[in-house]
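Asks: If you scroll down you'll find the structure; I have some questions about it.
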Amino acid sequence: MAHSIVEEVGRINFSKGWNTSTLATDIEDTESPDLCNCISSLSGSLSKRGGSERYVDQAYSSSPVTSLYRAYFSSRTTTKATIATIGNSVVYSSQDVVPQWIALTSGIAPNQHWSFVTMNNQVIMTGDGLYDNIKRF
């Protein structure tokens with residue numbers, strides 16, 4: 001059985017941060033080639049980056065969410081809606097307490113990324129594949 005002596009090296013300091021311009025084998029000890037999911041503080045310590053928070057906990061489909069938009073409308077009060085494209089559906093949720101996905105339309109070409117703009121209290125949306133007609137909510 002091979003044994004080696006444990007050597008104390010001190011704290012690991014990533015004060016120089018993320019270095020993508022140098023080969024990973026040639027960077028300094030104070031740099032990292034991949035700071036995925038990490039944040040480097042001013043003192044050089046690392047902490048885990050905060051994750052994401054679900055807008056709606058309800059599972060709608062096994063397809064991924066390909067587009068997400070938060071719209072704000074004004075009338076007497078400000079109303080907001082979260083609009084998403086999931087698989088072949090455009091869905092929305094406007095509730096803040098126990099929100100649920102509600103289908104706006106289905107049958108769209110799946111897995112497109114959609115662009116959204118709010119204008120005159122309406123959301124205009126179009127898919128990047130241009131397979132579907134422009135939608136208005």
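Asks: Would you confirm whether any residue within the range 51-66 is part of a loop (DSSP other than H, G, I, E, B), in contact with a helix residue (DSSP H, G or I) (Cβ under 8 Å, 6 or more places away or on another chain) and modelled with pLDDT of 75 or more?
Replies: Checking the range 51-66: not a single residue is part of a loop (DSSP other than H, G, I, E, B), in contact with a helix residue (DSSP H, G or I) (Cβ under 8 Å, 6 or more places away or on another chain) and modelled with pLDDT of 75 or more.
Asks: Go through the residues of the range 72-84 one by one and say whether even a single one is within 20 Å of the chain's Cα centre (by Cα) and small (G, A, S).
Replies: Yes, the range 72-84 contains at least one residue that is within 20 Å of the chain's Cα centre (by Cα) and small (G, A, S).
Asks: Which of the residues belonging to the range 80-136 are assigned to a loop (DSSP other than H, G, I, E, B), of a type outside the set (S, T, N, Q) and open to solvent by 70 Å² or more (accessible area, probe 1.4 Å)?
Replies: Listed by number, the residues that qualify are D96, V97, V98, P110, H113, D128, L130, Y131, I134.
Asks: I'm told S47 meets every condition in (1) assigned to a loop (DSSP other than H, G, I, E, B); (2) modelled with pLDDT under 80 except one. Can you identify the failing condition by its number?
Replies: Condition (1) is where S47 drops out.
Asks: Do the conditions hold for S94, that is, is it at pLDDT 80 or above and over 30 Å from S21 (Cα atoms)?
Replies: Criteria not met by S94.
Asks: Can I ask one more? Among the numbered conditions (1) under 30 Å from R11 (Cα atoms); (2) open to solvent by 60 Å² or more (accessible area, probe 1.4 Å), tell me where S41 comes up short.
Replies: (2)
The values are calculated or read from the model by the stated rules, or taken from the named source; none is laboratory data. Not measured: the values here are computed from a predicted model. Quick reminder, even Gly has a Cβ in these numbers, built from the backbone with ideal geometry, and neighbours come from all protein chains shown. SASA here: full protein model, heavy atoms, side chains in, ligands and nucleic acids out. Shrake-Rupley method; radii C 1.70, N 1.55, O 1.52, S 1.80 Å.
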